There are 2 protein chains.
Amino acid sequence: MLEQYQAQVKCLVALDSIIFGFDGDELKLLLVKRGIEENDVTWSLMGGWLRPDEGLEESAARILFQLTGLTNIYLEQLYSFGAPQRDPVERTVAVAYFALINVNDYQEKISDSYEAQWFSMHELPNLLFDHRQMVDMAIRQLRYKATQHPIGFELLPEKFTIPQLQKLYEAIFATTFDKRNFSRKILSTNLLIKLDEKQKGFSKKGAYLYIVDNTRYQQQFNSFLNFISSN
Amino acid sequence: MLEQYQAQVKCLVALDSIIFGFDGDELKLLLVKRGIEENDVTWSLMGGWLRPDEGLEESAARILFQLTGLTNIYLEQLYSFGAPQRDPVERTVAVAYFALINVNDYQEKISDSYEAQWFSMHELPNLLFDHRQMVDMAIRQLRYKATQHPIGFELLPEKFTIPQLQKLYEAIFATTFDKRNFSRKILSTNLLIKLDEKQKGFSKKGAYLYIVDNTRYQQQFNSFLNFISSN
DNA sequence: TCTCATAGTGTCTTTTGTACATTAAAAACG
DNA sequence: CGTTTTTAATGTACAAAAGACACTATGAGA
């Protein structure tokens, strides 16, 4: 019935992470320079190999750390890619993860000691293997998640303004929203706590800062399928 | 920078498929008996090993065919599982797929020559490894998809009635719906074509049969993210 | 022809989405 | 110091969708 273990072919397992960032204006993607190709420079997602004692997410986090110094990033599994010829050197199955981070929080860390670099989503270079396909899938997933969860907060500083949040959503969906409707919709979730403090410097009037109400935020996350009507 | 290919550990890649079926009344899951455990009988998802020349989905489809005789089943990738100890015999990464089929269409094929068997979702036996987790994830995904796409049609015969479709959705969501609202909502998609023919035998009055308007159905499928408002 | 099981349908109410324009605050500049 | 400029903040009316709810229609079988 089931074929035996020893008769089976083994293959390499790679972990590739799509890291999205937001700099307050544009949606960005974190890439590393790859030395394999010679003439034209090729960039790659944060990628590496699974080790014998690692779980998949654990491995993706370790690789991300090695390439960028980033830790404690929430990674979410996206999809697995396993076309026989996707890596021409050797048969490899790649499990893709994606994550959202706030560019400014991590800027120094990344650019100092590593070969990683942020690219605007509108100006992506050529990517290794099927990484472009991974990115396209990740952006779709990001959009989907952003409609269901208030996930975008991950991309912003701890304290943020409604106009900043709107800019982020506009970057994710590559569109614009009416600010009255946007703010009404966001505030109606009751996930934001308005602070008594205004953002300085960016506008003359200054916008109120908000933080996420973490208790409620977790609850919403866990009740993923609540949007299904009971009737 | 990136570690070299030859230094890497290889591991087995398994494909496991969660096959949902509907018999007109209950949601069911297709399982195969596993000979590995000795005293208590253990059941397993449709699973097997990736071969060197196969893509992931291709491999899942081939395995499904070998275990059940089923062909031309639409498989969708669900998630990959790779905890180091998930298979105690040897390190294995499993890529899970799921599919929906109409139990009655395939009943003879399956039960005659294979060790596969349908189980009610309410009476699942003990499952191998982390297969239970895979099933739980698949049911969540099925529910999600059923809210977004009119995917449930896959589980019904070509010609079906609105009450049948409602029973299916009620089985998927383990709830009940108001039949007036349900039929209004379904018909408002304009995906169904009403036939001039009634179902015989089940009820005295007999319900009108419908088929899916395949042109429109494909269109809807392709415009996955249309539910995102443009404002 | 009466009974019984299931099919089929309409209306009112509530909620949600969308379009749209004015006032408020504060910095910068003359 | 008041005028200009930029961004923030807010409300209302209309349209669309979702939800609650009850009666009539059909036809088989007793």
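The values are calculated or read from the model by the stated rules, or taken from the named source; none is laboratory data. Since this is a predicted model, take the numbers as computed values, not measurements. Heads up, the Cβs are rebuilt from the backbone with ideal geometry, glycines too, and the neighbour counts pull from every protein chain shown.
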Item checked: Flag if A:T42 is at pLDDT below 90, within 14 Å of chain B (Cβ to nearest Cβ) and buried (at least 22 other Cβ atoms within 10 Å of the Cβ) -> no
Check: If you go through the stretch A:118-168 one residue at a time, how many are acidic (D, E) and not in a helix (DSSP H, G or I)?
Finding: 2
Check: Within the stretch A:173-186, how many residues turn out to be in contact with a helix residue (DSSP H, G or I) (Cβ under 8 Å, 6 or more places away or on another chain) and either more than 10 Å from chain B (Cβ to nearest Cβ) or not hydrophobic (A, V, I, L, M, F, W, C) (or both)?
Finding: 4
Next item on the list: Report, by residue number, each residue of the stretch A:146-191 that is touching a residue at least 12 places away in the same chain (Cβ under 8 Å), among the charged types (D, E, K, R) and away from DNA strand C (no atom under 12 Å from the Cβ).
Entry: A:E154, A:E158, A:K159, A:K167
Note to self: I need the full set of residues from the stretch A:1-24 which are more than 7 Å from chain B (Cβ to nearest Cβ) and at pLDDT below 85, in order please.
What the structure shows: A:Q4, A:Q6, A:A7, A:G24
Item checked: Single match in A:E115, A:E154 (criterion: in contact with a strand residue (DSSP E or B) (Cβ under 6 Å, 6 or more places away or on another chain), within 14 Å of chain B (Cβ to nearest Cβ) and under 20 Å from A:G69 (Cβ atoms)) -> A:E115
Check: How many residues does the stretch B:195-218 contain that are assigned to a loop (DSSP other than H, G, I, E, B) and either away from DNA strand D (no atom under 12 Å from the Cβ) or surrounded by 12 or more Cβ atoms within 10 Å (Cβ to Cβ) (or both)?
Finding: 5
Check: Restricting the search to the stretch A:77-103, which residues are facing another protein chain (nearest Cβ under 7 Å), polar (S, T, N, Q) and surrounded by 19 or more Cβ atoms within 10 Å (Cβ to Cβ)?
Finding: A:S80
Note to self: If a residue must be within 26 Å of the chain's Cα centre (by Cα) and more than 14 Å from A:Q166 (Cα to Cα), how many such residues does the stretch A:203-212 contain?
What the structure shows: 2
Next item on the list: Please list, ordered by first then second residue, the pairs with beta carbon atoms under 9 Å, 6 or more apart or interchain, first in the stretch A:201-221 and at pLDDT below 80, second among the hydroxyl-bearing types (S, T, Y) and within 16 Å of DNA strand D (Cβ to nearest atom).
Entry: A:Q220/A:T189
